[in-house]
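The values are calculated or read from the model by the stated rules, or taken from the named source; none is laboratory data. No experiment lies behind these values; they were computed from the predicted model shown. Every residue, glycine as well, gets a Cβ built from its backbone with ideal geometry; the counts of neighbours run over all protein chains shown. Ligands, DNA and RNA are stripped out before the accessible areas are found, and what is left, the full protein with its side chains, is counted by its heavy atoms. Shrake-Rupley method; radii C 1.70, N 1.55, O 1.52, S 1.80 Å.
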Amino acid sequence: MITSLKPYPAYKDSGVPWLGKVPEHWTVRRLKSVVAHINELTNAKHPDDLYIAMEHVESWTGRLRAPSGDIQFNSQVKRFRAGDVLFGKLRPYLAKVIRPHQHGVCVGEFFVLRSTHVVISPYLEAALRSAPVIHYVDSSTFGAKMPRADWTFVGNMFFPLPPLPEQTAIVRFLDYMDRRVRRYIRAKQKLIKLLEENRQALIHRAVTGQIDVRTGQPYPAYKDSGIEWLGKVPAHWEVVPIKRAFSSMDYGISESGSNSGTIRLLTMGHVRDGQVMIPDTGGVETVDSSLLLSRGDLLFNRTNSAVLVGKVALFSGNVSPVTFSSYLVRMRPTKENEPEFLNLVLNDASTLSRARREAIPSLHQSNLNPTRYGRLPVVLPPKLEQKAILQQLREQTNRIKAAISSARREIDLLREYRERLIADVVTGKVDVREVAARLPEEPPEEEAALEEIDETVEDDASGEESDAETVEEGES
């Protein structure tokens, strides 16, 4: 990273509280005098046009998530040209600012801004996506649930404007630094992916009996499981249908009422990464005591998207009562089995893939009833051995989790560094002119080569689900 950046030789007061002092030779002008606000409405999209909705723009980076499938819209959209800057006015704190490289149309939740002779588009994009601008615009929004920025406010906002050659130098520097930050992030995310794959492989080998994690070696004797996809299993392990590991498998309640009760209600979105995520608020007022969860219960998604049906989560307890919706099935382990071990077995890729083959496809979802699920075979060691395996797995996977957490912290710091650097550069806190002049020429790099692997799922401004996490509640 470049660390030798210095401030400009002389500053002046910008007269704008959020901007503070700016370099003496910069000007500060209202945004509406610097850009053209384009509001060209249309009902049609040309075959070669891009279509950009809010959910297609990645927060704080401006990268485009290309929409898939046929594009259809029922309302008017705005037309833009290549090089225009689109500024998301709905929930501006998401910093959805993008500069498309081809013509197209976008939803009305964007301001379409076109550069003039005093500003270049790349600088306009960088400055508008900087934290000081985003925070200032966000402070002006109206509307509680779906806050929006108003063009009258944004257009009258004062905007820092360096000379054109300096804008070019700033863009060159920020592009150079952004590529390096993204390469570091990409490397860390590849490391996280490898560590996670290693963790999953370790769990898989342990819960299927391929290796005794207590010794790090295979078991001394194996037998044929009689199940083709299970293959050979430790001689003293037992092959049983899933239902034999549980004393009961119960459907949840049909969601109804005002959702203002004190009994927390779990739905499909609360089954995540093998754990039950307890909602902070909302619930039902009354429920039969037999349908309250107890510590050690497991839940599985009986109805969900094809990639999420069959997911299992362990309920670890809660201070307030918790129940579950009809799209979940509660499985109460027998005394002969450890709930945590069963959770690992049922979330293992080999078990999940077989469970999903048993699911019956329906419109936009799949259904897996307890009968079909319960007859799937799994292989289980004695309870004392389950406990011993769990202890060893905790020790080994905790080390992997610590390495993953460390890599994620580094990614967060890199992103914070990038955000702070952009803010300092576009507001004139540091002078990058000399550094930019010395930067080496770099060959063009494919955008896909710089993509970060594990993009953060955001709360998209469209209000739509960002993935197939849930389906509408109701009986199927």
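Out of the residues in segment 146-174 meeting the condition of being within 33 Å of the chain's Cα centre (by Cα) and among the charged types (D, E, K, R), tell me which one is surrounded by the most Cβ atoms within 10 Å (Cβ to Cβ).
Here the answer is ARG172.
Out of PRO122, PRO132, which single residue is over 25 Å from the mean Cα position of the chain (by Cα) and part of a helix (DSSP H, G or I)?
Within the list PRO122, PRO132, the selection yields PRO122.
Between ASP280, ASP288, ASP273, which is open to solvent by 30 Å² or more (accessible area, probe 1.4 Å), farther than 20 Å from ASN343 by Cα and within 21 Å of the chain's Cα centre (by Cα)?
ASP280
In segment 315-343, how many residues are more than 21 Å from ASN367 (Cβ to Cβ), at pLDDT 95 or above, open to solvent by less than 30 Å² (accessible area, probe 1.4 Å) and assigned to a strand (DSSP E or B)?
1
Go through segment 95-122 and give me each residue that's under 13 Å from VAL426 (Cβ atoms) and buried (at least 24 other Cβ atoms within 10 Å of the Cβ).
VAL97
Looking only at residues in segment 204-237 that are more than 15 Å from LEU390 (Cβ to Cβ) and part of a strand (DSSP E or B), which one is most open to solvent (accessible area, probe 1.4 Å)?
LYS232
Consider THR334 carefully, then state whether it is in contact with a Phe, Trp or Tyr (Cβ under 8 Å, 6 or more places away or on another chain) and hydroxyl-bearing (Ser, Thr, Tyr).
The answer is yes for THR334.
Can you run down the residue pairs with Cβ atoms below 7 Å, 6 or more apart or on separate chains, where the first is in segment 398-413 and within 15 Å of LYS193 (Cα to Cα) and the partner is of a type in the set (A, V, I, L, M) and in a helix (DSSP H, G or I)?
Filtered contacts from segment 398-413: ILE400/LEU195; ALA403/LEU195; ILE404/ILE192; ILE404/LEU195; ALA407/LEU191; ALA407/ILE192; ARG408/ILE192; ILE411/ILE185.
What are the residues in segment 35-79 that are hydrophobic (A, V, I, L, M, F, W, C) and closer than 30 Å to ASP178 by Cα, if any?
VAL35, ALA36, ILE38, LEU50, ILE52, ALA53, MET54, VAL57, TRP60, LEU64, ALA66
Mind listing whichever residues of segment 240-262 are within 19 Å of GLY296 (Cβ to Cβ) and either open to solvent by less than 80 Å² (accessible area, probe 1.4 Å) or assigned to a loop (DSSP other than H, G, I, E, B) (or both)?
Answer for segment 240-262, where residues must be within 19 Å of GLY296 (Cβ to Cβ) and either open to solvent by less than 80 Å² (accessible area, probe 1.4 Å) or assigned to a loop (DSSP other than H, G, I, E, B) (or both): VAL240, ILE242, ALA245, PHE246, SER248, MET249, ASP250, GLY252.
Would you point out which residue out of PRO100, PRO67 is part of a loop (DSSP other than H, G, I, E, B), in contact with a Phe, Trp or Tyr (Cβ under 7 Å, 6 or more places away or on another chain) and either modelled with pLDDT of 95 or more or among the hydroxyl-bearing types (Ser, Thr, Tyr) (or both)?
That would be PRO100, the only listed residue that is part of a loop (DSSP other than H, G, I, E, B), in contact with a Phe, Trp or Tyr (Cβ under 7 Å, 6 or more places away or on another chain) and either modelled with pLDDT of 95 or more or among the hydroxyl-bearing types (Ser, Thr, Tyr) (or both).
Can we say MET268 is modelled with pLDDT under 95, closer than 25 Å to PRO370 by Cα, surrounded by 15 or more Cβ atoms within 10 Å (Cβ to Cβ) and not aromatic (Phe, Trp, Tyr)?
Against the criterion (modelled with pLDDT under 95, closer than 25 Å to PRO370 by Cα, surrounded by 15 or more Cβ atoms within 10 Å (Cβ to Cβ) and not aromatic (Phe, Trp, Tyr)), MET268 qualifies.
Within segment 80-94, can one find any residue that is more than 22 Å from the chain's Cα centre (by Cα), within 21 Å of VAL133 (Cβ to Cβ), surrounded by fewer than 18 Cβ atoms within 10 Å (Cβ to Cβ) and of a type outside the set (D, E, K, R)?
Checked against the condition, which is being more than 22 Å from the chain's Cα centre (by Cα), within 21 Å of VAL133 (Cβ to Cβ), surrounded by fewer than 18 Cβ atoms within 10 Å (Cβ to Cβ) and of a type outside the set (D, E, K, R), segment 80-94 yields at least one hit.
Out of everything in segment 175-192 that is open to solvent by less than 50 Å² (accessible area, probe 1.4 Å) and of a type in the set (A, V, I, L, M), what residue ends up being farthest from ARG438 (Cα to Cα)?
Among those residues, the one meeting the criterion is ILE192.
Considering only segment 344-393, how many residues are open to solvent by 20 Å² or more (accessible area, probe 1.4 Å), assigned to a helix (DSSP H, G or I) and hydrophobic (A, V, I, L, M, F, W, C)?
Of the residues in that region, 4 qualify.
Considering only residues of segment 123-145 that are crowded, with 20+ Cβ neighbours inside 10 Å and charged (D, E, K, R), which is farthest from SER59 (Cα to Cα)?
Of everything passing the filter in segment 123-145, GLU125 is farthest from SER59 (Cα to Cα).
Within segment 30-47, work out how many residues are over 30 Å from GLN72 (Cα atoms), in contact (Cβ under 8 Å) with a residue 24 or more places away in the chain and surrounded by fewer than 15 Cβ atoms within 10 Å (Cβ to Cβ).
The total comes to 1.
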